[in-house]
1. Counting just the Cα atoms, what span does region A:250-385 cover along each of its three principal axes? Round to the nearest Å and put the largest first.
2. If I model a spin label as a point 7 Å beyond the Cα along the Cα-Cβ vector, how far apart are those points for residue B:96 and residue B:149 in nm?
3. Along each of its three principal axes, how wide is the spread of alpha-carbon positions in the protein assembly as shown, in whole angstrom units, largest first?
4. Based solely on its DSSP helices, what 222 nm [θ] is calculated for chain A when runs of n ≥ 4 H residues each add -39,500 (n - 2.57) and the sum is averaged over all residues, nearest 500 deg cm²/dmol?
5. In whole angstrom, note down how far apart the Cα centers of region B:57-95 and region A:188-208 are.
6. Only sites in a loop by DSSP and with at most 13 other Cβ atoms within 10 Å count here; which trypsin sites (Lys or Arg not before Pro) in region B:34-117 make the cut?
7. Dipole of region B:107-160 (Lys/Arg Cβ +1, Asp/Glu Cβ -1, origin at the Cα centre): which of B:113, B:123, B:152 lies farthest to the positive side?
8. For a 28 Å ceiling on Cα separation, which of these pairs sit above it: A:85/B:148; A:50/A:302; A:85/B:91; A:198/A:332; A:296/A:332; A:182/A:365?
Amino acid sequence: MGELTERLILNVGPQHPSTHGVLRVVVELEGEVIVRCRPDIGYLHRGIEKLMESKTYHQCLPLTDRIDYLAGSANNLGFVLAVEKLLGIEVPPRARYLRVIVAEMTRISSHLFWLATHAHDLGAMTPLFYTFREREQLMDLFEAVAGGRLFPCYFRIGGVARDVPNGWTEAVREFCRTFPEKMKDYETLLTKNPIWIKRTKGVGVLTVDEVLDYGLSGPVARGSGIAWDVRRSDPYCGYEEFDFIVPTGENGDTYDRYLVRLEEMRQSARIILQALDRLPSGDIAVDDPTIAYPPKVDVFTKIESLIQHFLLVEEGIRPPKGEVFHHTEAPKGELGFYIVSDGSSHPFRVKVRTPSFVNLQVLSKMAEGRLLADLIALIGTIDIVLADVDR
Amino acid sequence: MSSEALKTAYVEEVIEGLPAGAVTGRESFRDQWAVVVRSEALGEVMEALRDRWGFRYLIDVTAVDFHPRSPRFQVVYHLWCHERNALLRVKTWVESDPPSVPSMTALWATANWHERECFDLFGIHFDGHPDLRRILLPESWEGHPLRKDYPTEGPDWDVD
């Protein structure tokens, strides 16, 4: 039988509804079993790292939104923190707390999108309507505070763009208060659903050694029992002041990673509530005219502010010569920015270490020897965005 | 000692413990340490860092082009130690022409795609890599875009 079976080479993608963007996976099949699996990426490569070399630091910021377009603020945060480390500055407490609030809202929003598409790929359509209901509320909150929904660009080097509008904190508090209740809707549809369990339990098992060998991070690593969360292990933005659990799985399979991400959403809501309770008053950006933009109202009414704005737009900021690496816990895993500065107003080199690029590499390892139908579950469980893979 | 000071002390201890002939320089900026290692000794140093000093997690591999300086390329590795929560940057100058450094794929599977990306965008060869092909750009692409002498607009852009 074995020798008579012909191998079939199948292209999954680049345009396929369950590849979450333009990913092409070349699979070699023997019957329904995957013998070889080779992801082919690069369809969304936009040369963001090259573009950044010819822009000022402030101009780089809107580009970072577009790296992982489902978690725009998480990328902004990674970049502004790296530049601030390069400059050696600390932002005022209110800006720090606002950043935590918006970053955790982004995590919930990204995980909601993941849950919707992952479940949808595996044939469960209903969760999508529930999760998008909540995601829409978050999008409205982003719009209210930043003006943009997918690309908020709310964080600035040295602080945040503007203070929050009236009633915004109450709206966020209301969302976080009711959110755990709404999560029960998703859980009743999936957690004990026999089809869901059959499709996810024991699928794509990753051991601790494999996680370390493949450099995996985020929920993919935590699903295998490694409590590796940058917020806990290398705190930034004052995450050490918040009380939250880093959930981990035991079996390292698709089901455990599902549970980990669900729990992360609850924990994010907890963090936001704590941040709202302790939200300090005060400045929202550093008081340094060579770094932060002046408030817009001053630009129109005061000559000094107009000059400050003009100089920042024309010349940008000039960090000292040196190099830094800063990592943050983005919704999909560890997001790192490595910036080399030559002392000029443009970064000499920016390397964006995106979680999707690194995590996707393990797909072949997980898929080989399994059924073709599992490939769809595996692409979903890594939680990739192709813009994040290709940059 | 604060946790920050402990981390720094650990990284300093690690750097002291590396083979003496391998390290050509060290840098510290904003509480982050970097060691510059001779490229011939890279494999030995990385293996010691992984197995002896607990840097099991290779976060990232990338390169920097210092054109027109010579040597031109520097390959940069970021390593993380989960037990100590310590970060270490390992750098090596690429002295050979065509540029090449030893591949780390035997030590970390994750190095595979990182090195392919580096090859694709910088044209640096990684000796011993099992499958060194372009990864982000099409196979037929000419040139390596992250090199400093590669125009941002693309090679066939005519301004007139």
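The values are calculated or read from the model by the stated rules, or taken from the named source; none is laboratory data. Worth saying up front: this structure is predicted, and the values here are computed from it rather than measured. Methodologically, a virtual Cβ is constructed for each residue, glycine included, from the backbone with ideal geometry; neighbour enumeration extends over all protein chains shown. Keep in mind that these areas ignore ligands, DNA and RNA; they rest on the heavy atoms of the full protein, side chains included. Shrake-Rupley method; radii C 1.70, N 1.55, O 1.52, S 1.80 Å.
1. 67, 40, 24
2. It works out to 2.1 nm between the two label points.
3. 83, 62, 61
4. Value at 222 nm, helices only, nearest 500: -15000 deg cm²/dmol.
5. Taking the Cα centre of each part, region B:57-95 and region A:188-208 sit 39 Å apart.
6. Numbers: sites: B:38, B:50, B:52, B:56, B:69, B:72, B:84, B:89, B:91, B:116; in loops: B:38, B:52, B:56, B:69, B:72, B:84.
Sparse-neighbourhood loop trypsin sites (Lys or Arg not before Pro): B:52, B:69.
7. The residue sitting farthest along the positive end of the dipole is B:113.
8. Over 28 Å apart, Cα to Cα: A:50/A:302; A:296/A:332; A:182/A:365.
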